[in-house]
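The values are calculated or read from the model by the stated rules, or taken from the named source; none is laboratory data. Being a predicted model, the structure only gives us computed values, none of them experimental. Don't worry about glycine lacking a Cβ; one is built from the backbone with ideal geometry, like all the others, and counts go over all protein chains shown.
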Amino acid sequence: MNLKNKLSMEIAKLTSLDSNRVLNLLEVPPNPDLGDFAFPCFILAKELKKAPAQIAVDLAENLSADFIESASAAGPYLNIKIKKDSFAKEILEYNLKFDSTGKTIMIEFSQPNTHKEFHVGHLRNASIGDSLVRIFKFVGNKVVAANYIGDIGTHVAKTLWCLNKFYSKEKIPENKGKFLGGIYVDASKKLEANEEYKEEVSKVLQNLEAREKEITSLWEKTRKWSLDEFKNIYKDLDINFDKYYFESEEDGPSKKIAYELLEKGIAEKSEGAIIVNLEKQGGAIALVVKSDGTTLYLTKDLSLGQRKFSDYPLDTSVYVIDSRQSLHMKQAFEILKLMGFEKDMVHVSYEFVSTTNGPISSRKGNTYLYEDLKERMMKKLISETKKRHDNWKDSKIKDVAHKNIYCCIKVWYAKNG
């Protein structure tokens, strides 16, 4: 039973309402400083013949449980703060089915795409995943920290297409990762403006999946630009991985699985594509092979899901992926079950990063880059270190600042993430 359910039961004991009714009435305060949950007392005013504000005061005085830090009245609302250790316990025990019995757990996290820039959305994922790795290790489990790099697919085809068509004569700058990210944004804009370009990109993707010599050579060169950038970032963040998986490695195995699904009657043909109908499982139609014969991220997760348990004697496979991919993960797990592959696989969902202009998007180019955050942090660190150690050489100040960048970014993220 989760904390919200427990809280609704405790409030129900002090009122005439049943716990389900209380559960439906519980809200999240607009300001987190007010509390973790809020209960509106209007509904009790008629029955108790009291003002809602007084009812909130009475409930605050009597509400008590081992997981409640405090209860206070704010006008007609009862605001409740939950103890942080209770939240932590729920995350591990309830959401992650956690127990500390020495299990072998793989945690897949970070998962940046090559040919795009590493932004603060990736930083959120990396921070959550790294924290889980450290927690699970600390309590005695064997943990495999895994990273699944998206190094192939439509986004890569877009970038390579645009690089060849519009940037082939450009001088390559020192920051190659940022250069590629800019090309991806430009490619997305050009494709939105001209529908005819989409066929050219589709052809690039087909040639890439077929490992055509010329496009593969360009892909390998530019892929390395991104991977080198990622390695430097992980070094900054003190994040280490035991295993790297690459989407490009799953091309062949995933296509094989797709056609096996077709042969077994789990999948079916639809307008040239291959789909799996998950309506009986309470889901929707899942596309596993597009009409042009190329696979999708979902298809590759089917082969990778099995490969993980083949590579390691895992008890549990954890996926740290944002909430927008919840349907994708549910479909992957359901299809694997239909294939007879029933393993303990858990999706740890989190909300994606937004700005005042909406969700950040590499395609739209409205991201806040990791390197920009790092640059601001470094300037601040150097400035503050100089104030405290004006007799130090510039080289030493810079070295100390760089060594502390990981800690400062984590602190920033804790406040702003």
Revision key, fill the gap. If you go through ASN240, ASN232, the only one that is modelled with pLDDT of 95 or more, assigned by TED's automatic domain parsing to the domain that holds ALA157 and polar (S, T, N, Q) is ASN240
Practice item. Please enumerate the residues belonging to region 283-307 that are farther than 14 Å from SER254 by Cα and either assigned to a helix (DSSP H, G or I) or among the hydrophobic types (A, V, I, L, M, F, W, C) (or both). Key: ALA284, ILE285, ALA286
Review point. Of the conditions (1) surrounded by fewer than 16 Cβ atoms within 10 Å (Cβ to Cβ); (2) farther than 17 Å from ALA146 by Cα; (3) of a type in the set (D, E, K, R), GLU334 fails just one. Which one is it?
Key: (1)
Review point. Quick check: is even one residue across region 116-139 in contact with a Ser or Thr (Cβ under 6 Å, 6 or more places away or on another chain), assigned to a strand (DSSP E or B), within 21 Å of LYS300 (Cα to Cα) and touching a residue at least 40 places away in the same chain (Cβ under 8 Å)?
Key: no
Check your understanding: Being modelled with pLDDT under 90 and basic (Lys, Arg), is that true of even one residue in region 326-346?
Key -> no
Check your understanding: So which residues in region 22-63 are within 35 Å of the chain's Cα centre (by Cα) and either in a helix (DSSP H, G or I) or without any contact (Cβ under 8 Å) to a residue 12 or more places away in the chain (or both)?
Key -> VAL22, LEU23, ASN24, LEU25, VAL28, PRO30, ASN31, PRO32, ASP33
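Output yes when any residue across region 382-400 is within 30 Å of ALA88 (Cβ to Cβ) and either touching an Asp or Glu at 6+ places or on another chain (Cβ under 9 Å) or at pLDDT below 95 (or both), and no when none is. Don't jump to the end; show me each part of the working.
Narrowing region 382-400 to residues within 30 Å of ALA88 (Cβ to Cβ): none.
No, the conditions are met nowhere in region 382-400.
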Point to revise | Where VAL143 falls short, out of the listed (1) part of a strand (DSSP E or B); (2) buried (at least 22 other Cβ atoms within 10 Å of the Cβ) | key: (2)
Exercise for review: With respect to SER86, determine if the residue is in a helix (DSSP H, G or I) and within 26 Å of VAL320 (Cα to Cα).
Suggested key: yes
Revision key, fill the gap. Subset of region 310-341, residues among the aliphatic types (A, V, I, L, M), assigned to a loop (DSSP other than H, G, I, E, B) and within 17 Å of the chain's Cα centre (by Cα), comes to ILE321
Point to revise | region 8-20, subset farther than 16 Å from ASN62 by Cβ and loosely packed, with under 14 Cβ neighbours inside 10 Å, residue farthest from the chain's Cα centre (by Cα) | key: ASP18
Revision key, fill the gap. LEU278 vs (1) over 29 Å from ASN125 (Cα atoms); (2) of a type in the set (A, V, I, L, M); (3) outside the structural domain of ARG211 (by TED's automatic domain parsing): all pass except (1)
Check your understanding: Would you call ALA258 in a strand (DSSP E or B) and either in the same structural domain as ALA332 (by TED's automatic domain parsing) or of a type in the set (A, V, I, L, M) (or both)?
Key -> no
Study note, to complete from the structure: In region 316-342, residues that are in contact with a Gly (Cβ under 9 Å, 6 or more places away or on another chain) and among the acidic types (Asp, Glu) total 2
Review point. Which residue out of SER168, SER188 is touching a residue at least 60 places away in the same chain (Cβ under 8 Å) and either in a loop (DSSP other than H, G, I, E, B) or of a type outside the set (A, V, I, L, M, F, W, C) (or both)?
Key: SER188
